[in-house]
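**Q** Take a look at this one; I'll ask things after.
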Amino acid sequence: MKLDGIDKKILKMLMENSRRPILEIAKNIGISGAAIHQRLRKLESKNLIIGSSIIVNTKVLGYTTMAFIGIFLDKATNNKIVVNQLKEIPEILECHYTTGDWSVLAKLICKDNEDLMEILTKKIQTIQGVSRTETYISLEQQINRQISL
């Protein structure tokens, strides 16, 4: 999809703050609010914009440990079955089908290391088809961004 300069400006402003008022964007760019609204609808219809979101500070809620779990499957054909069960674990934020040693890489957030151990041993490692796991604890997220336009 081709984006013109105005589309890029709109997207950059919304990526900085998705709750920014349309009229503020319009004033900043120098076109009408109706034109901004029309462009946003076009970008949504092309699936370039897939909604907007609020980011919750998980640390305020008591979730202090972020981890990445490499999941080894006993058979690759168990992928769908395992992933369907991983979907039931609310602490899992992302799940990726990968190349390399693991079949699945999961990102999860936990209250602490004890909570992580509980999730690993009682929820993930007990899933039929999971042969073993490797866990990496994130000490600090140093980059968090979207693609630049």
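**Q** Considering only residues that are assigned to a strand (DSSP E or B) and either closer than 21 Å to Asn84 by Cβ or of a type in the set (Phe, Trp, Tyr) (or both), which ones fall in segment 128-149?
**A** Within segment 128-149, Val130, Ser131, Arg132, Thr133, Tyr136 qualify.
**Q** Any residue in segment 95-120 that's hydrophobic (A, V, I, L, M, F, W, C): show its pairings with residues that are part of a loop (DSSP other than H, G, I, E, B) at Cβ separation under 6 Å, as long as the two are six or more apart or on different chains.
**A** As it stands, the answer is Leu105/Thr98; Leu108/Glu91; Ile109/Thr58; Ile109/Tyr63; Ile109/Glu91; Cys110/Glu91; Ile119/Glu91, since those pairs meet every condition given.
**Q** OK, next. Quick one: would you say Ile124 is in contact (Cβ under 8 Å) with a residue 60 or more places away in the chain and within 21 Å of Thr58 (Cβ to Cβ)?
**A** So Ile124 does not fit the description; no.
**Q** From the list Leu61, Leu73, pick out the single residue that is closer than 29 Å to Met15 by Cβ and aliphatic (A, V, I, L, M).
**A** Leu61
**Q** Show the residue pairs meeting these rules: Cβ distance below 7 Å; 6+ apart or different chains; first residue within segment 27-46 and more than 17 Å from Lys2 (Cα to Cα) and assigned by TED's automatic domain parsing to the domain that holds Met13; second residue surrounded by fewer than 16 Cβ atoms within 10 Å (Cβ to Cβ) and of a type in the set (A, V, I, L, M, F, W, C).
**A** From residues that are more than 17 Å from Lys2 (Cα to Cα) and assigned by TED's automatic domain parsing to the domain that holds Met13, the pairs are Ile29/Ile6; Ile31/Ile6; Gly33/Leu23.
**Q** If I go through segment 3-22 residue by residue, how many of them are out of contact with any Lys or Arg (no Cβ under 8 Å at 6 or more places or on another chain) and among the hydrophobic types (A, V, I, L, M, F, W, C)?
**A** Matching residues across segment 3-22 total 4.
The values are calculated or read from the model by the stated rules, or taken from the named source; none is laboratory data. Keep in mind it's a predicted model, so treat the numbers as computed, not measured. Ideal geometry is used to build each Cβ from the backbone, glycine not excepted, and the neighbour counts take in all protein chains shown.
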